[in-house]
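Below is a structure I'd like to ask you about.
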Amino acid sequence: MSHDHSLNPKTMPEDPSKATMEGKHKFLGLWFFLGGETVLFACFFGTYLALRNSTAGGPTSQDLFGLDLVFLMTVLLLTSSLTSVYAIYHMKNNDFKKMMLWLGITALLGIGFLACEIYEFAHYIHDYGFTFRSSAFGSAFYTLVGFHGGHVIFGLSWLITLMVRNAKRGLNLYNAPKFNTFALYWHFIDVVWVFIFTVVYLMGMVS
Amino acid sequence: MSNAATQKRAFSAVLWDYLTTVDHKKVGILYLMGGGFFFLLGGLEALIIRIQLIKPENDFITAGLYNEMITMHGTTMIFLAATPLLFGLMNYIMPLQIGARDVAFPFLNALGFWLFFSGGILLNCSWFLGGAPDAGWTAYAPLSIQSPGHGTDFYVMGLQLSGAGTLMSGINFLVTIVAMRAPGMTYMRMPLFTWTTFVTSVLTLFAFPALTVGLFLLMFDRMFGSAFFDVALGGNSVIWQHLFWIFGHPEVYILILPVFGVFSEVLPTFSKKRLFGYSAMVFATFLIAFLGFMVWAHHMFTVGLGPVANSIFAVATMAIAVPTGIKIFNWLFTMWGGSIVINSAMLWALAFIPSFTIGGMTGVMLGSNVADYQYHDSYFVVAHFHYVIVGGVVFGLFAACHYWWPKMFGRILHEGMGKLAFWTFFIGFHLTFFIQHFLGLMGMPRRYWVFLENQGLDTGNLISTIGAFFMTIGTIVFLINIVYTAVKGEKAPADPWDARTLEWTIPSPPPFYNFKQMPLVRGLDPLWIEKTEGNGKMTPAEPLDEIHMPNGSILPLIMTAGFFIASFGFIYQTDHKAWLIALYAGMAIAIGCMVIRSLKDDLGFHISKEELEREAD
Ligand code: HEM
Ligand SMILES: [Cu+2]
């Protein structure tokens, strides 16, 4: 039996990321992991909702939040999810170059999102003196949004490691599942952001 | 001399093998050894607590040390003894029961073990570094926020590490069961222990993140000055209680469901009958797990959530008694009319049924929110949860040890000593805890260092302590049994109990690849089917071919060491910023290992067909 897993268009399976046992396991494992992550974020959301008005005389959500920046961030992250879909589409067509291109764009959009977030936090700290320690609201806000940001950082590191490692190798049955699981994780981060956008920012602006 | 040298080399080779292993059976044994060690430690702490309470106004230990003792006893027993012992069993047995060669992610499996173990060691380091945590195993805020010294910090970091390990194992088991069952092993043909492993893993997956979040909040408040539980800045300490019990109640089912699985294997085997009401058993397991997430506030009846919330949670709590009752009756019906063999494993199983039922009954009493105002934080609660945890989980662990020991270690535990250990432990257990119901009803509060003379509590406490010594003796006899069996025990055949499931179709102990050829499963209790309708052997589902196996790796251990070092950094950076170096260095090691892991291809290796043919059947 040969163990050459590299792909060529003629022998390529329907979906290279799920053609091996390992690939299937990875994908399934990540799905379960995301189930746990959902509970994790649900608990952070719950904590935030309980504490969002506990400002201890400090800045409130209405004082702080502005929609422009957050809207930009939402667009960046949602688009990056879309570009990762393109990347996986090209993976299934065995077009390595295009896949890498779209993954590169995904990474850039993710970095853009992070930059905005860092700017946002810096803005709150310098202009409003609103920190992690100011009030229970501050702690809950930075923890929830910060944990999401941490997930973005982790996702980006994952993506960049994958891209660098496999830049010269092309697609094969060993690394295809890795790209695919990354994409799934990245969508999850995106979904969490949609909830943050709604629960933290939109609800914070009105109430 | 040369003999000693080879022996030494052999020892270091075995050590290296275990440090780098990713084999689910070896990881399982590591879990059993680690969990066993912490079980003895927790037992010692329990004994010290009971000695302090042997007579009124005793001063065997100081009040502060007493608080540390109860905290560490509870924390150790739940997180470091019971959970890992069960995970060890699941690790070893479940893949064998479904006809798999390993778990889905062997590397993560090893990592999970090392994280659990290092978390336990970290927690216990606190004894030597200025004092153990002392805010109870529940670590309620604001007590845990104000607890001085670093004890509670060790609690936070230790549980964070071991919790991460447990979560990983949960995911691993889920994928294994979903994706790696042998041909013909449909879901409704899975042995009950595999089913309960599955449901337990689901609970782990959805419950542990709540603890993770709670611990993060506690960590941020204690180490980084946030204000989650600081009322002066708008914080709210009840949030901790919610998060803790959203995790905590499912956790008690993480403990009990696997042993339900154990009893559902032991009882049919030694009654020579199939499990009564198999599908009802599966269904009840799911129902318990589902309801288990709906009842956490029954631990918070006296917090003041209001009568509506309390009533809803009370009803949900009592509802759990229904699926639990289904199980009790199914076990009884399994034995009904069977030809029952009474050996050590069976004794533990028989003792479990009434003991656990008493615990379930007091549970329903506690679940009545009105009455709970009287019971809450009294010795009645202590009696309740020990009836379910010792009478349920610990009895189950003993039964499982006797049942699967031959499979795991190739030798049968000595029956005489097994029975002696059982009777001393069983009597000791009821002596210790039955009387505590009444102590509680008479007003003895839990977690108090001393009680006063002549309040009707003296005799009860004395009896309780005597019982604890009985249990200690039982445990020691069991340990002696282990040593004796290792040296002189009777060698076990592949199927010493005339059992029914797949793990008994392969040699004891199994070869490292478990199954030479995947077995073809023809129904529930596959081995029993072949015994009654076939030739007593499994039909292979595939021709003999080379087997793909994963490589061992030292990375899980190094990665864990990184997290371990970083934890010290987190804990001590509040005293001196230089400790941040440890924090960053530790994280760098851990992340470095992750990067190595993802950069290095790990394709595993193959055992050739010739090699397999050479191995005698
Ligand atoms: C019919 C099933 C059960 C019911 C109705 C039930 C009910 C309760 C209630 C209402 C309490 C809170 C008492 C109070 O603090 O005032 C409690 C405490 C407790 N239960 Fe159960 N329970 C059941 C089964 C179990 C099982 C199976 C376990 C473990 C294997 C368990 C372990 C515990 C523990 C550890 C506590 C004490 C927690 C603490 O405050 O430290 N229970 N139970
Ligand atoms: Cu509970």
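Would you pick out the residues in the range B:566-602 that are open to solvent by 50 Å² or more (accessible area, probe 1.4 Å) and touching a Phe, Trp or Tyr at 6+ places or on another chain (Cβ under 7 Å)?
B:Trp579, B:Asp601
Only residues that are within 14 Å of chain A (Cβ to nearest Cβ) and more than 12 Å from ligand 1 (Cβ to nearest atom): list them for the range B:290-307, please.
B:Phe293, B:Leu305
On to the next question. Among the numbered conditions (1) among the aromatic types (Phe, Trp, Tyr); (2) under 28 Å from B:Lys600 (Cα atoms); (3) more than 9 Å from chain B (Cβ to nearest Cβ), tell me where A:Trp158 comes up short.
(3)
Here's something else I'd like to know. Does the range A:54-76 hold any residues that are away from chain B (no Cβ under 14 Å), in contact (Cβ under 8 Å) with a residue 40 or more places away in the chain and part of a helix (DSSP H, G or I), and which are they?
A:Gln62, A:Asp63, A:Leu64, A:Leu67, A:Leu69, A:Val70, A:Leu72, A:Met73, A:Thr74, A:Leu76
Residue under question is A:Phe141, and the condition is that it be at pLDDT 95 or above, touching a Ser or Thr at 6+ places or on another chain (Cβ under 6 Å), buried (at least 18 other Cβ atoms within 10 Å of the Cβ) and closer than 18 Å to A:Thr55 by Cβ; does it hold?
Answer is no for this residue.
Ok, one more. Using beta carbons and a limit of 9 Å, which pairs, at least six apart or on different chains, have the first residue in the range B:280-308 and on the phi > 0 side of the Ramachandran plot and the second one away from ligand 1 (no atom under 14 Å from the Cβ)?
Filtered contacts from the range B:280-308: B:Gly304/B:Val238.
Could you figure out which of (1) among the small types (Gly, Ala, Ser); (2) more than 14 Å from chain A (Cβ to nearest Cβ); (3) away from ligand 2 (no atom under 16 Å from the Cβ) isn't true of B:Gly165?
(2)
Every residue, every condition in (1) open to solvent by 20 Å² or more (accessible area, probe 1.4 Å); (2) within 14 Å of ligand 1 (Cβ to nearest atom); (3) without any contact (Cβ under 8 Å) to a residue 40 or more places away in the chain; (4) more than 14 Å from every other protein chain (Cβ to nearest Cβ), yes or no:
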residue	(1), (2), (3), (4)
B:Val382	no, yes, no, yes
B:Ala399	no, no, no, yes
B:His402	no, no, no, yes
B:Met408	no, no, no, yes
B:Phe422	no, no, no, yes
B:Gly428	no, no, no, yes
B:Leu431	yes, no, yes, yes
B:Gly440	no, yes, no, yes
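Which one of the conditions (1) in contact (Cβ under 8 Å) with a residue 60 or more places away in the chain; (2) on the phi < 0 side of the Ramachandran plot; (3) open to solvent by 20 Å² or more (accessible area, probe 1.4 Å) does B:Gly337 fail to meet, given that it meets all the rest?
(2)
So A:His123 clears everything in (1) open to solvent by less than 30 Å² (accessible area, probe 1.4 Å); (2) away from every other protein chain (no Cβ under 14 Å) except one condition, right? Which one?
Only one criterion in (1) open to solvent by less than 30 Å² (accessible area, probe 1.4 Å); (2) away from every other protein chain (no Cβ under 14 Å) is unmet by A:His123, namely (1).
Residues B:Ile171, B:Ile145: which one is under 19 Å from B:Ala100 (Cβ atoms) and within 14 Å of another protein chain (Cβ to nearest Cβ)?
After applying the criteria, what remains is B:Ile171.
Please verify whether the range A:192-200 includes one or more residues that are within 14 Å of another protein chain (Cβ to nearest Cβ) and more than 22 Å from A:Arg52 (Cβ to Cβ).
no
Separate question: Here are the criteria: (1) touching a Ser or Thr at 6+ places or on another chain (Cβ under 7 Å); (2) open to solvent by less than 40 Å² (accessible area, probe 1.4 Å); (3) modelled with pLDDT under 95. Tell me which single one A:Phe44 does not satisfy.
(3)
Which condition number in (1) more than 14 Å from chain B (Cβ to nearest Cβ); (2) open to solvent by 70 Å² or more (accessible area, probe 1.4 Å); (3) assigned to a helix (DSSP H, G or I) is the one that A:Glu14 fails?
(3)
So B:Gly64 ticks every box in (1) at positive phi; (2) out of contact with any helix residue (DSSP H, G or I) (no Cβ under 9 Å at 6 or more places or on another chain) but one. Which box is left unticked?
Failed condition: (1).
Being more than 14 Å from ligand 2 (Cβ to nearest atom), in contact with a Ser or Thr (Cβ under 9 Å, 6 or more places away or on another chain) and within 18 Å of B:Val315 (Cβ to Cβ) is the filter here; which residues of the range B:371-408 pass it?
Listed by number, the list holds a single entry, B:Tyr373.
Counting just the residues of the range B:212-228 that are of a type in the set (A, V, I, L, M, F, W, C) and surrounded by 24 or more Cβ atoms within 10 Å (Cβ to Cβ), which one comes out farthest from the other protein chains (Cβ to nearest Cβ)?
The extreme case among them is B:Leu218.
Let me ask another. Can you give me the ranges of the helices (runs of 4 or more DSSP H) entirely in the range B:95-202 with at least 2 residues that are open to solvent by less than 10 Å² (accessible area, probe 1.4 Å) and over 17 Å from B:Leu218 (Cα atoms)?
B:106-125, B:151-179
Looking at B:Ala280, B:Ala284, B:Ala227, B:Ala232, can you tell me which residue is more than 21 Å from the chain's Cα centre (by Cα) and closer than 30 Å to B:Leu527 by Cβ?
Within the list B:Ala280, B:Ala284, B:Ala227, B:Ala232, the selection yields B:Ala280.
Ok, one more. In this structure, does B:Ile358 turn out to be surrounded by fewer than 18 Cβ atoms within 10 Å (Cβ to Cβ) and more than 16 Å from ligand 2 (Cβ to nearest atom)?
no
Also, quick follow-up: For the range B:302-317, what are the residues that are buried (at least 18 other Cβ atoms within 10 Å of the Cβ) and under 16 Å from B:Leu291 (Cβ atoms)?
Within the range B:302-317, B:Phe313, B:Ala314, B:Ala316, B:Thr317 meet the criteria.
The values are calculated or read from the model by the stated rules, or taken from the named source; none is laboratory data. These numbers come from a predicted model, not from an experiment. FYI the Cβ positions are ideal-geometry reconstructions off the backbone, even for glycines, and counts take in every protein chain you see. SASA here: full protein model, heavy atoms, side chains in, ligands and nucleic acids out. Shrake-Rupley method; radii C 1.70, N 1.55, O 1.52, S 1.80 Å.
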